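First comes the structure, then the notes that go with it.
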Amino acid sequence: MTEPTLNYVNCPGIAAKEAAANGAAPSHRMAYWEWNATGRPDHPDVVICVHGLSRQGRDFDVLARRLSRHARVLCPDVAGRGHSDWLADPMAYQVPVYAADMLALLAHMHGQTPIGQLDWVGTSMGGLIGMALCGQPGLPLPVPVRKLVLNDVGPVIEWSALQRIGQYVGRPAHFETEQQAADALWAISASFGPHTPEQWLALSRAMLRPAPKGGFVLHYDPAIAVPFRGMTQDTAIAGEAQLWQLYDQITARTLLLRGAQSDLLSPATAQAMSQRGPRAQVVEWAGVGHAPTLVADEQVNVVEAFLFDLGARGGL
């Protein structure tokens, strides 16, 4: 069975541990997981999969294992999460910094092996990062993004969903066992839709790191919540115009995935996204809210078929 390798790239911006040690540092390390079952270490086709606000790159294990038969698949741990460095300045935990980190990753990969074809899969925050990169002509991408998958996110993010997420992101938590952690995470993530106990435990393991005195804590810097909690309904609404501007400038062929019970991406926003800008093709799943985990076969099939032109597989 294909397994990923853990790698790192240096990105602009001061890491918290370096700032504490030296007073200054020019960079932080971003971790990324690379999957490749193509038989070609230098395969020119690359898919970037980027996770949501409080998640990490191993969220995409099931999807990446499938996609890696066609391309090299890179799943970053966005700064402050997983195996990546925590940032010295909590206010740096925002999309423009994350987008700059992705440009550093792509430049690094392109310098090792030229990228010939580039696709993007972004869940929630990862989709916003994708919009930032695809919607700004002139950015130093090695090649333009060919296909963009936005997983349950768009230019309008419902305020009630932001309030719900703000209730748990960055809150201290300690767990005695992995199963206790999985149960607690399920309590705040039931909107992800049906999962077997085995699927959910697999999704939960990478969300944890050992605590110094035993047990487990969550994998991310609690400070990722600082800019999130500083947002108001007025600032959220003000940001919509900028996000629509980005979306309308996207030229990549775009697939929009939506959980039918999503409280973050409304049906009206999804419909508007299908009618303007890249005119996204919309696929919706019943019994799922925010956000589909891309673990179920029907979800994986849709993404694989879209990215690699596999005809009607998965309903496309």
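The values are calculated or read from the model by the stated rules, or taken from the named source; none is laboratory data. What you see is a predicted model; the values in this text were computed from it and never measured. Positions of Cβ are generated from backbone atoms using ideal geometry, with glycine treated the same way; all protein chains shown enter the neighbour counts. In case anyone asks, the SASA skips ligands and DNA or RNA and just uses the protein heavy atoms, side chains included. Shrake-Rupley method; radii C 1.70, N 1.55, O 1.52, S 1.80 Å.
Answer yes or no as to whether Ala305 is over 19 Å from the mean Cα position of the chain (by Cα), more than 19 Å from Ala132 (Cβ to Cβ), open to solvent by 20 Å² or more (accessible area, probe 1.4 Å) and of a type in the set (A, V, I, L, M).
No, not satisfied.
Table: residues versus (1) within 24 Å of Ala202 (Cα to Cα); (2) open to solvent by 20 Å² or more (accessible area, probe 1.4 Å).
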| position | (1), (2) |
| --- | --- |
| Arg66 | yes, yes |
| Arg69 | yes, yes |
| Ala79 | yes, no |
| His83 | yes, yes |
| Pro90 | no, yes |
| Tyr98 | no, no |
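Can you pull out the residues in the stretch 241-268 that are open to solvent by 10 Å² or more (accessible area, probe 1.4 Å) and not hydrophobic (A, V, I, L, M, F, W, C)?
Within the stretch 241-268, Gln242, Gln245, Asp248, Gln249, Thr251, Arg253, Gln261, Ser262, Asp263, Ser266, Pro267 qualify.
Would you mind finding the one in Leu150, Leu128, Leu141 that is among the aliphatic types (A, V, I, L, M), touching a Leu at 6+ places or on another chain (Cβ under 8 Å) and assigned to a strand (DSSP E or B)?
Testing whether each residue is among the aliphatic types (A, V, I, L, M), touching a Leu at 6+ places or on another chain (Cβ under 8 Å) and assigned to a strand (DSSP E or B) leaves just Leu150.
Which of the residues that make up the stretch 143-159 are within 25 Å of Arg81 (Cα to Cα), open to solvent by 40 Å² or more (accessible area, probe 1.4 Å) and either of a type outside the set (Asp, Glu) or in contact with a His (Cβ under 6 Å, 6 or more places away or on another chain) (or both)?
Selection gives Trp159 alone.
Quick one: what pairs do we get from the stretch 155-184, first residue farther than 15 Å from Ile224 by Cα, second open to solvent by 60 Å² or more (accessible area, probe 1.4 Å) and of a type outside the set (Asp, Glu), C-beta under 7 Å, 6+ apart or different chains?
Final answer for the pair search is Trp159/Gln233; Glu178/Arg205.
The conditions are (1) touching a His at 6+ places or on another chain (Cβ under 8 Å); (2) basic (Lys, Arg); (3) in a loop (DSSP other than H, G, I, E, B), and Lys213 fails exactly one of them. Which is it?
Condition not satisfied by Lys213: (1).
Can you tell me which residue is least open to solvent (accessible area, probe 1.4 Å) among those in the stretch 170-218 that are more than 14 Å from Asp59 (Cα to Cα) and of a type in the set (Ser, Thr, Tyr)?
Applying the filter and picking the extreme gives Ser191.
I need a count of the residues in the stretch 27-64 that are part of a strand (DSSP E or B), open to solvent by 10 Å² or more (accessible area, probe 1.4 Å) and farther than 18 Å from Tyr220 by Cβ. Write out each step before concluding.
Step one: list which residues in the stretch 27-64 are part of a strand (DSSP E or B), which gives 27-35, 45-50.
Keeping just the survivors that are open to solvent by 10 Å² or more (accessible area, probe 1.4 Å) gives 27, 29, 33-34, 45.
Next, only the ones that are farther than 18 Å from Tyr220 by Cβ stay: 27, 34, 45.
Residues flagged as part of a strand (DSSP E or B), open to solvent by 10 Å² or more (accessible area, probe 1.4 Å) and farther than 18 Å from Tyr220 by Cβ within the stretch 27-64 amount to 3.
Among the residues that make up the stretch 271-290, is at least one of them of a type in the set (A, V, I, L, M, F, W, C), in a helix (DSSP H, G or I) and open to solvent by less than 70 Å² (accessible area, probe 1.4 Å)?
The answer is yes, given that some residue of the stretch 271-290 is of a type in the set (A, V, I, L, M, F, W, C), in a helix (DSSP H, G or I) and open to solvent by less than 70 Å² (accessible area, probe 1.4 Å).
Which residue pairs have Cβ atoms closer than 6 Å, lie 6 or more positions apart in sequence or on different chains, and pair a first residue in the stretch 100-124 that is at positive phi with a second residue that is open to solvent by less than 10 Å² (accessible area, probe 1.4 Å) and of a type in the set (A, V, I, L, M, F, W, C)?
Partner pairs satisfying both residue conditions: Ser124/Val153; Ser124/Ala291.
Scan the stretch 113-142 residue by residue and report those that are out of contact with any strand residue (DSSP E or B) (no Cβ under 8 Å at 6 or more places or on another chain) and open to solvent by less than 40 Å² (accessible area, probe 1.4 Å).
Thr113, Ala132, Gly135
Based on what the data block shows, is Gly259 modelled with pLDDT under 95 and touching an Asp or Glu at 6+ places or on another chain (Cβ under 8 Å)?
no
Between a first residue in the stretch 72-93 that is in contact (Cβ under 8 Å) with a residue 12 or more places away in the chain and a second residue that is in a strand (DSSP E or B) and among the aromatic types (Phe, Trp, Tyr), which pairs have beta carbons less than 6 Å apart while being 6 or more apart in sequence or on different chains?
Listed pairs, sorted by first residue: Val73/Trp35; Leu74/Tyr32; Cys75/Trp33; Pro76/Tyr32.
Taking the stretch 168-181, which residues are of a type in the set (Gly, Ala, Ser) and at pLDDT 95 or above?
Residue satisfying the conditions is Ala181 alone.
Among (1) more than 17 Å from the chain's Cα centre (by Cα); (2) within 30 Å of Gly277 (Cβ to Cβ); (3) modelled with pLDDT of 95 or more, which single condition is Lys147 missing?
It fails just one condition, (1).
Kindly indicate whether any position in the stretch 229-240 is in contact (Cβ under 8 Å) with a residue 60 or more places away in the chain and crowded, with 17+ Cβ neighbours inside 10 Å.
The answer is no; no qualifying residue exists.
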